[in-house]
Amino acid sequence: MKRFLLWLSIAVLVAASAPAPAQSATQDGKQAKADEGSAVKDSWLTTKTKTKLFADGRVKGRAISVETQAGVVTLRGKVESDKEKNAAEEIAKKVDGVKSVHNVLQVVPDAQRKAVDAKDADIKDAVKARLAKEDRLKDASIKVRSDNGLVTLTGSGVDARTKARAADLARGVAGVKAVRNELK
């Protein structure tokens with residue numbers, strides 16, 4: 001617990017002391033500056049949201065994954081109850097700078113957690129193995145996540161055909177209930 005708090009404090013200090021992006025006179029430079037500023041702001045929002053979630057007793061210190069893109073916070077993971085899911089969303093919405101919250105937390109009671117986690121690990125491994133066998137997808141940097149049979153594919157740099165093929169392959173894996181394709 002002390003190590004986590006130390007790590008968290010260091011992360012907050014590093015994020016707070018990140019240098020502002022350099023000024024540029026060209027249009028491309030302005031876009032690059034905006035992208036860098038957005039990335040720093042998003043990482044800062046992620047850190048602040050994780051800190052608030054951890055500090056609030058309503059979410060019981062669960063390992064909730066927080067991702068931020070353009071000020072939109074996405075919450076992923078498993079919680080014990082709807083009450084806990086709603087509390088996590090409420091906490092994230094109250095963080096200064098958060099534009100909106102996309103709550104995809106799954107409610108899985110603790111009694112079922114081990115079975116669900118084990119199954120999700122198997123599904124994730126099976127989807128990764130299936131994607132690795134496809135020549136077109138071998139070199140793509142696709143991240144796979146499974147939450148209670150819901151597979152999420154994330155990554156970037158793929159064309160529409162590759163994106164569709166990855167989703168089709170994932171759907172064909174035993175235990176997959178649905179696929180959320182967030183490839184870009």
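Before we move on, is residue 97 on the phi > 0 side of the Ramachandran plot, surrounded by 14 or more Cβ atoms within 10 Å (Cβ to Cβ) and not assigned by TED's automatic domain parsing to the domain that holds residue 151? Outline the logic, then answer.
Numbers: on the phi > 0 side of the Ramachandran plot: yes; surrounded by 14 or more Cβ atoms within 10 Å (Cβ to Cβ): no; not assigned by TED's automatic domain parsing to the domain that holds residue 151: yes.
No: the conditions fail for residue 97.
Please verify whether residue 34 is among the small types (Gly, Ala, Ser) and modelled with pLDDT under 90, treating the condition exactly as stated. Yes. Checked against (1) under 28 Å from residue 79 (Cα atoms); (2) without any contact (Cβ under 8 Å) to a residue 40 or more places away in the chain; (3) not assigned by TED's automatic domain parsing to the domain that holds residue 84, residue 145 meets all criteria but (2). Could you tell me whether region 137-149 includes any residue that is of a type in the set (S, T, N, Q), loosely packed, with under 14 Cβ neighbours inside 10 Å and in a strand (DSSP E or B)? Checked against the condition, which is being of a type in the set (S, T, N, Q), loosely packed, with under 14 Cβ neighbours inside 10 Å and in a strand (DSSP E or B), region 137-149 yields no hits at all. Within region 105-131, residues that are within 14 Å of residue 63 (Cβ to Cβ) sit with their Cβ atoms under 6 Å from residues that are at pLDDT below 80, at 6+ positions apart or across chains, in these pairs: 108/116.
For region 49-95, taking the residues that are farther than 19 Å from residue 147 by Cβ and touching a Gly at 6+ places or on another chain (Cβ under 7 Å), the one that is modelled with the highest pLDDT is identified as 71. Given the conditions (1) out of contact with any helix residue (DSSP H, G or I) (no Cβ under 8 Å at 6 or more places or on another chain); (2) over 23 Å from residue 153 (Cα atoms); (3) surrounded by 14 or more Cβ atoms within 10 Å (Cβ to Cβ), report the number of the one that residue 76 does not fulfil. Every listed condition holds for residue 76 apart from (2). The single condition among (1) touching an Asp or Glu at 6+ places or on another chain (Cβ under 6 Å); (2) more than 23 Å from residue 158 (Cβ to Cβ) that residue 68 does not satisfy is (2).
The values are calculated or read from the model by the stated rules, or taken from the named source; none is laboratory data. A quick note: this is a predicted structure, and the numbers were derived from the prediction, not measured. We place every Cβ from the backbone using ideal geometry, glycine too, and count neighbours over all the protein chains shown.
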